[in-house]
Amino acid sequence: MNRLRGLRTFFHSFLITISLFFSIVNCDKKESISILEIRDLTEKENLMEALQKADENLKQKGDTAELLYVRGWIRYLQKNQEAALKDFKKCLVINSKSPDCKRGLGLVYESNKEYKEAETAYQEALTLAKEKGPDFEALIHENIGSLYLRQNRRKESLSEFQNAISISDKGDAYYGFSLCLIMEGNSEGAIASLEKGISKSFRTKAFQSESHFLLSKFYFEKRKDPAKAQAEIKKAIRIFPLHKEYLNALQTYTIESDF
């Protein structure tokens, strides 16, 4: 199953990187309109325009932890890791207890394969996460789980995703948990985790669509049930209608279902 084996590098996907933006930043009443405007641009993937607006706001208002964080995140999405790191560090000079910027550091270090530094940053973010609520705390556990999975620390990774599930019970965590089970060779366990996950709410559409896609692959390749696979891939396509791999899968399942 090439697709399942390919999950070892799935966390490098830019699609997932984009989707994490909406997990890392929580909208609250204290945020300025300018930050919300920048976030809207980022949602639409207008990263250059979002960066320009962030720069303009920093020039007008001076350095604030919130704006430095937002600009750092945009730079991270652009894969400008050095500049993102500088912004996150500068943010922490202003607000040393910013869990968002601590997590931002962790993501940059992880992207740079500086795993020890990433783990330290995530653990520090975790100590600050409770002030932002259980969902953010669960998100940090998911980040740590993903970091461990990169390093093939499967048992530790499973534990972190279990922690996330116990705290917030989001579909995102079940997706991560299923990846661990896949790498452990436990296909049936992965199917059960994905099936449970899709019944939950998700923070990110990318994890939701991939959960449906993975289930469709399992139903088709493991369970030999093209009709059920077809029904599942249609759910992924409803989330991302133009996703080429999903559309190709639907075509394959449809042909097999006709026989």
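Summary table
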{"quantity": "Qualifying residue in the stretch 94-101 (condition: under 23 Å from residue 147 (Cα atoms) and aliphatic (A, V, I, L, M))", "calculated": "no"}
{"quantity": "Any chance residue 133 is closer than 25 Å to residue 102 by Cβ and either modelled with pLDDT under 95 or touching a Pro at 6+ places or on another chain (Cβ under 7 Å) (or both)", "calculated": "yes"}
{"quantity": "Residue check for residue 219: free of Cβ contacts under 8 Å to residues at least 40 places away in the same chain, buried (at least 21 other Cβ atoms within 10 Å of the Cβ) and either outside any helix (DSSP H, G or I) or over 18 Å from the mean Cα position of the chain (by Cα) (or both)", "calculated": "yes"}
{"quantity": "Residues that are surrounded by 22 or more Cβ atoms within 10 Å (Cβ to Cβ), more than 11 Å from residue 145 (Cβ to Cβ) and of a type in the set (Val, Ile, Thr), drawn from the stretch 155-181", "calculated": "none"}
{"quantity": "Residue selected from the stretch 185-206 under the condition touching a Lys or Arg at 6+ places or on another chain (Cβ under 9 Å) and among the hydrophobic types (A, V, I, L, M, F, W, C), by the criterion nearest to residue 167 (Cα to Cα)", "calculated": "202"}
{"quantity": "Positions within the stretch 182-212 being buried (at least 24 other Cβ atoms within 10 Å of the Cβ) and among the acidic types (Asp, Glu), in sequence order", "calculated": "210"}
{"quantity": "Considering residues of the stretch 228-258 that are modelled with pLDDT under 95 and aliphatic (A, V, I, L, M) only, the residue surrounded by the most Cβ atoms within 10 Å (Cβ to Cβ)", "calculated": "239"}
{"quantity": "Subset tally (residues that are in contact with an Asp or Glu (Cβ under 7 Å, 6 or more places away or on another chain) and either closer than 16 Å to residue 174 by Cα or not in a helix (DSSP H, G or I) (or both)) for the stretch 130-146", "calculated": "4"}
{"quantity": "Residue list for the stretch 160-216, restricted to those being touching a residue at least 40 places away in the same chain (Cβ under 8 Å) and not in a helix (DSSP H, G or I)", "calculated": "203, 204"}
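The values are calculated or read from the model by the stated rules, or taken from the named source; none is laboratory data. The shown structure was predicted, so the numbers you read here are calculated from the model rather than taken from an experiment. Neighbour counts are summed over all protein chains in view; Cβ atoms, including those assigned to glycine, are modelled from backbone coordinates with ideal geometry.
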